[in-house]
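What follows is calculated from the coordinates using simple rules that are stated; it is not laboratory data. These figures come from a predicted structure and were not determined experimentally. Using ideal geometry, Cβ is built from the backbone for each residue, glycine included, and neighbour counts are taken over all protein chains shown.
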Ligand SMILES: Nc1ncnc2c1ncn2[C@@H]1O[C@H](COP(=O)(O)OP(=O)(O)O)[C@@H](O)[C@H]1O
Ligand code: SF4
Ligand SMILES: [Mg+2]
């Protein structure tokens, strides 16, 4: 954006009016383009790069056109969710984890939130894929809660306080299976309640959410999410609102059900402990970009990006005595005005001569392990740079 006064958040009246006008023009144009793309199946049907994946995020850019400028919440994100796998997405608060999952569900706050670049491919299981970015809402409605479902952080706010538990689970099954009779739907709900470990299923069926504990409510949310045996379960901080013993139970439950239903899980969390026990693959995000990805063993036993190394050092380990946990110095750059060099540079204690150059490329240091950091330049194939979108060119 022009006239940016360094990194300060000060905006003049003139600049503010310019941003508002720009936002109005650009969001109107994007909404129009989306409406057109929605009409043409060729623009939203595609093919997976690898049939073994359920989802492929390919250079996804999701921006918010806000009053203070464009927030590049997700900027050139690349990673895959393989079939039957659990992929942990980790990073500190605000790094774009939720926006990545909301882009996949097409649940962004529009018109200010827009996926302006890249493809999100969802495997339909019949040799074709949907590019979610252009998929019309009528198709998304059939996907959400059916093929892809979501479990949120706070079970109390995800459940409707004025409806009984049974009705809320019934509703999902009914919506996606209109041919089922009332009795069949109820039987399915009771089966789901049993599956998520609720002992008194008939009793709970007619209770209200406030009558249940936090852990029980999260089990209900899981039952709702799994009612239609989804291909992909997105769990966004599913245990953050729960106490530690219940956390472990809920994670065990999720893992077991995933195996039973043959689904994949995208597990979003800021808690490395949660990922360590459960994920097959780990994606580390920082300031809207993926900075390192690999198998859980790659990330936990051989972290390569200085940020991941810092995260590992700042994680308490049972039985290891330390005076103070490591603290990554500095803070995340201003999201409206990202630098054109490595986003972590101002906090990085391991800089090398290349770090003053442009944002580092992705480097494949093993078959499964990819890192975006100049320290590893030459250690493997250079895959390319994350593709950002110049918003001025959108008009
Ligand atoms: N509706 C919104 N309007 C403007 N900015 C948003 C909105 N939602 C999220 N953001 C910004 O996007 C970035 C990523 O947010 P989010 O994905 O929610 O982070 P987290 O990794 O904690 O889930 C943050 O900088 C946040 O300020
Ligand atoms: S590219 Fe350089 S500044 Fe960035 S994380 Fe790697 S070493 Fe640090
Ligand atoms: Mg979040």
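Quick notes
- Of 177, 262, 80, the one that fluctuates the most in a GNM where the chain has Cα springs shorter than 10 Å: 177
- Mean separation of Cα contacts under 8 Å, 6 or more apart, over the residue count of the range 303-385: relative contact order %: 22
- Of all DSSP beta bridges in the chain, antiparallel share, percent nearest 5: 65
- The calculated 222 nm mean residue ellipticity attributable to helices in the chain amounts to -10000 deg cm²/dmol, summing -39500 (n - 2.57) over DSSP H runs of n ≥ 4 and dividing by all residues.
- The chain: most fluctuating residue of 24, 219, 289 per GNM, C-alpha cutoff 10 Å: 24
- In the range 76-189, Rg over Rh equals 0.99, where Rg is the alpha-carbon radius of gyration and Rh the Kirkwood radius from pairwise Cα distances.
- Prolate/oblate/rounded label for the range 148-227 (Cα gyration tensor, a/c 1.5): prolate
- For the pair residue 364 and residue 326, label points projected 7 Å from Cα toward Cβ lie 2.8 nm apart.
- The Cα atoms of the range 1-132 give a gyration tensor whose axes a ≥ b ≥ c have a/c of 1.5 or more with a/b no greater than b/c, which makes the shape oblate.
- Once the Cα atoms are used to define both axes, helix 13-39 deviates from the longest principal axis of the chain by about 50 degrees.
- Most fluctuating residue given options 203, 288, 166, as computed from a GNM of the chain linking Cα atoms under 10 Å: 203
- Two-site FRET efficiency, residue 163 against residue 140, from Cβ-Cβ distance with R₀ of 22 Å, rounded to 0.05: 0.40
- For the range 289-394, a/c is not less than 1.5, where a ≥ b ≥ c are the root eigenvalues of the C-alpha gyration tensor, and a/b does not top b/c. That puts it in the oblate class.
- On Cα atoms only, tilt of 214-226 relative to the major axis of the chain in degrees: 90
- Order of 388, 206 under a 10 Å beta carbon neighbour criterion, fewest first: 206, 388
- Expressed in units of 2.2 N^0.38 Å, where N is the residue count, the Cα radius of gyration of the chain is 1.04.
- The calculated FRET efficiency for the pair residue 318 and residue 243, based on their C-beta separation and a Förster distance of 25 Å, comes to about 0.90.
- The long axis of helix 182-195 is offset from the longest Cα principal axis of the chain by roughly 60 degrees.
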